[in-house]
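Step one of this worksheet: look at the structure below.
Nothing in this text is a laboratory measurement; each read-out follows from the coordinates by a stated rule. The shown structure was predicted, so the numbers you read here are calculated from the model rather than taken from an experiment. Note that we place each Cβ from the backbone using ideal geometry, even for glycine, and neighbour counts take in every protein chain shown.
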Amino acid sequence: MTVREIRDAIRSGERSAAEICRETLARIDAVNPLLNAFNTVAAERALARADAIDRDRDRHRGAPLAGVPMAIKDNICTSGLRTTASSRILEHFVPPYDATAVSRLEAAGAVVVGKTNCDEFAMGSSNETSAFGPVRNPWALDRSPGGTSGGSAAAVAAGLAPCALGSDTGGSVRQPSSLCGVVGLKPTYGRVSRYGLIAHGSSLDQIGPIARRARDVAIVLGVVAGADACDSTSAPEPVPDYEAALTGDVRGVRVGVPRALVEQGVDPDVARATTAALDVLQARGAAIVDVDLPHARYATPVYYLVSTAEASSNLARYDGVRYGFRATGADLRAMYGQTRGRGFGAEVKRRIMLGTYVLSAGYYDAYYLKAQQVRTLILRDYDRAFERVDVVAMPTSPVPAFKLGEKIADPLQMYLVDVFTVSANLTGLPAISVPCGFTPGPPRLPIGLQLTGRRFDEAMLLRLADAYERDTEWSTPLPPIPSR
């Protein structure tokens, strides 16, 4: 069932929140051992919450998410519920507060069923850097679900939850959504509060919803979006009715395609699927327009300079003194070294070292400052493109789901998987991934189309995604995953 179907069934009294919750938990119990999508399942807490909604049905009758099960990425704080960021250094951390996005979901009637596995501290592109083992793609268990929100995307694709929250620093909502065949949205920077999100890159991070349909994403975004006094970077922009924007009418919408950017390095099946998707939008009345993004080819190196610098600063707080894992040492310096050496995984250490290097004296101007200057040029390219078009379209990922272990030993090849997604984070623009096809197989692997829009114009992205879904069936197939 979709988010809307569950909400409407509970509102009408056709189904109970407890019944839906029990079915969801049973599905998780049956399938999660195969996928490793959840780090923590909050069965007792979820059932108690669902029972409370049923007992006070009148108060929740108008709630936009009444009784809807929700999975939360394990780097988003949940009061009283373990939040690890999939790292040994936070393995036993239980936050004393909820992230603003979580508190808004629960105020809207949602039922949190658990915390989903992710790359450690949201650093990775395959969900293989998690300290608790990799997540497996429900379409092919030997394949990566993408990262870093791989657990959230896999859980939604496999029917373990109708919707999930992820976080997106360089494509971490959109790329796994593409590889798992679901819809994932990275909102405009500042549209959703970052309060309670464990920081990776503070100028890049954004919380976003993942679901099977664009309408479900619209419903959840309408709940979590909006200014927050706890987050000074949240924007005071009014939140529109995203669900009302799904009219199905895209006549006259101008879709820009940066052909020079996407003509090389893209898997042939991905290229064919995304071209066919543009044909569907054109048949619905959208205009396809060529655009140029000349500096976008530098986005990947710029991202891995900016994000590692910010990660180095943000992760300095994990020293074994205030919270989290603490190792023993002969003195304070040894304790710091042992704590961070044993608590962090290889990818996190790599990025801390890279970030510390580019911020160091003698290298700051050559690397970090130069990256910030090119970041501005990338934003100017998009601003110029949006003078001519309403959205920019390209593949979400240049390749379909790759095998677990295939790229993990080659960081450069892994980083290049994010070549089309990082620009939206560097510019702060909203972007969505919508399923647009499958590889011929076997195995049949999902392919995603990415649409990037103007600041705070998530409504346009959702409108296009919904219209595309009406003329295709790529969002409806379920993966052939067996239960244990």
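Residues with beta-carbon under 11 Å from that of VAL250, excluding VAL250: net charge, scoring Lys, Arg +1 and Asp, Glu -1?
On the way: positive: ARG251, ARG254, ARG284, ARG463, ARG470; negative: ASP249, ASP390, ASP466, ASP471.
That sum, taken over residues with Cβ under 11 Å, equals +1.
Which lysines have a Cα lying under 16 Å from the Cα of LYS186, excluding residues fewer than 8 positions away in the same chain?
Within the straight-line cut-off, LYS186 pairs with LYS73.
List the longest stretch of the chain that has no exposed loop site; here a site is one of the GluC sites (Glu not before Pro) assigned by DSSP to anything other than H, G, I, E or B, with at most 11 other Cβ within 10 Å. Present the calculation step by step, with values, prior to reporting the outcome.
Numbers: sites that count: GLU14, GLU263, GLU387, GLU473.
It works out to 15-262.
Tell me which trypsin sites (Lys or Arg not before Pro) from the stretch 317-367 have a DSSP coil assignment and no more than 10 other beta carbons within 10 Å of their own. Write out the running numbers ahead of the final one.
Working: sites: ARG317, ARG322, ARG326, ARG333, ARG340, ARG342, LYS349, ARG350, ARG351; in loops: ARG322, ARG326.
For trypsin sites (Lys or Arg not before Pro) across the stretch 317-367 that sit outside H, G, I, E and B with at most 10 neighbouring Cβ atoms in 10 Å, the list reads ARG322.
If you bin every alpha carbon distance in the stretch 28-146 into 10 Å steps from zero, what whole percent lands in each bin?
Result returned by the calculation: 14, 40, 32, 12, 1.
Mind listing the long-range amide H neighbours of VAL291? Cut-off is under 5 Å, sequence gap 5 or more, other chains count too, H placed in the peptide plane at 1.01 Å from N.
Close amide H contacts, sequence-distant or interchain: VAL257, ARG259.
With charges only on Cβ, +1 for K and R and -1 for D and E, what is the dipole size of the chain about its Cα centre, in debye, rounded to 20?
Numbers: 54 positive and 52 negative charges, 126 e Å.
Value, rounded to 20: 600 debye.
Bin width 5 Å, origin at 0, all Cα-Cα pairs of the stretch 73-116: what percent of pairs per bin?
Reading the bins upward from 0: 6, 26, 31, 23, 10, 4, 1.
Which Cα, out of ILE207, ALA260, LEU278, lies furthest along the positive dipole direction of the stretch 181-294 (beta carbon charges, K/R +1, D/E -1)?
LEU278
Based on other C-beta atoms within 10 Å, arrange SER234, SER360 from fewest to most.
Details: SER234 20, SER360 12.
Neighbour counts put them in this order, fewest first: SER360, SER234.
Work out how much length ALA409 to ALA316 would gain on full extension: take 0.36 nm times their residue separation and subtract the Cα-Cα distance, in nm to one decimal.
Details: separation 93, 0.36 × 93 = 33.48 nm, distance 2.56 nm.
This chain segment gains 30.9 nm when fully extended.
Work out the charge dipole of the chain with +1 on the Cβ of Lys and Arg and -1 on the Cβ of Asp and Glu about the Cα centre, then indicate which of VAL217, PRO477, GLY170 is farthest towards its positive end.
GLY170
Tell me, what ³J(HN,Hα) does each residue in the stretch 167-179 have, in order and in whole Hz, if you take phi through Karplus 6.51 cos²θ - 1.76 cosθ + 1.60 with θ = phi - 60° and put x for Gly and Pro?
The phi angles translate into 10, 10, 9, x, x, 6, 9, 6, 5, x, 4, 5, 6 Hz.
Over all directions, the average projected area of the alpha-carbon convex hull for the stretch 288-439 comes to how many nm²?
Working: hull surface 49.0 nm².
So the Cα hull casts an average projection of 12.2 nm².
Please list 74-84, 442-452 highest first by mean number of surrounding beta-carbon atoms within 10 Å per residue.
Working: 74-84: 22.6, 442-452: 24.3.
So the order, starting with the most tightly packed, is 442-452, 74-84.
Counting other beta carbons within 10 Å of each Cβ, put TYR363, TYR318 in order, fewest first.
Working: TYR363 13, TYR318 23.
Result, fewest neighbours first: TYR363, TYR318.
Using the Cα centre of the stretch 125-203 as the reference point, and only Cβ charges (+1 on K/R, -1 on D/E), how large is the resulting charge dipole? Debye, rounded to the nearest 20. Mind dumping the intermediate values first?
On the way: 6 positive and 3 negative charges, 42 e Å.
Magnitude of the dipole: close to 200 debye.
How big is the charge dipole of the stretch 256-371 about its Cα centre, in debye rounded to the nearest 20, if each Lys and Arg gets +1 on its Cβ and each Asp and Glu gets -1 on its Cβ? Don't skip to the answer; put the middle values down first.
Values: 14 positive and 11 negative charges, 141 e Å.
Result for the stretch 256-371 is approximately 680 debye, rounded to the nearest 20.
What trypsin sites (Lys or Arg not before Pro) in the stretch 220-279 are in a loop by DSSP, with at most 12 other Cβ atoms within 10 Å of the Cβ? Please list the in-between numbers first.
On the way: sites: ARG251, ARG254, ARG259, ARG272; in loops: ARG251.
Those satisfying the criteria are ARG251.
Compactness ratio of the chain: Cα Rg over 2.2 N^0.38 Å, N = residue count?
Numbers: Rg = 21.1 Å, N = 484, 2.2 N^0.38 = 23.0 Å.
For the chain, the normalised Cα radius of gyration comes out at 0.91.
Around ASP142, under 10 Å between beta carbons, what's the net of Lys plus Arg minus Asp minus Glu among the other residues? It would help to have the intermediate numbers written out before the result.
Details: positive: ARG136, ARG143, LYS403; negative: GLU406.
Combined, the nearby Lys, Arg, Asp and Glu give +2.
Report ³J(HN,Hα) in whole Hz for each residue of the stretch 426-437, in order, from the Karplus equation J = 6.51 cos²θ - 1.76 cosθ + 1.60 where θ = phi - 60°; Gly and Pro get x.
Each residue's phi maps through the Karplus curve to give 5, 9, x, 7, x, 8, 10, 10, 10, x, 9, x Hz.
Which distance in Å, rounded to a whole number, links the C-alpha centroids of the stretch 1-78 and the stretch 156-201?
Taking the Cα centre of each part, the stretch 1-78 and the stretch 156-201 sit 19 Å apart.
Just want the answer: with Cβ charges of +1 for Lys and Arg and -1 for Asp and Glu, which residue in ALA85, TYR298, PHE386 is farthest toward the dipole's positive end in the chain?
Checked the options; the winner is ALA85.
What are the aspartates and glutamates whose alpha-carbon lies under 18 Å from the alpha-carbon of LYS370, with same-chain residues fewer than 8 places away excluded?
Straight-distance partners of LYS370: GLU310, ASP381.
How are the alpha carbon pair distances in the stretch 367-425 distributed across 5 Å bins from zero to the largest one, expressed in percent?
That works out to 4, 14, 19, 19, 17, 13, 10, 4, 1, in percent per bin.
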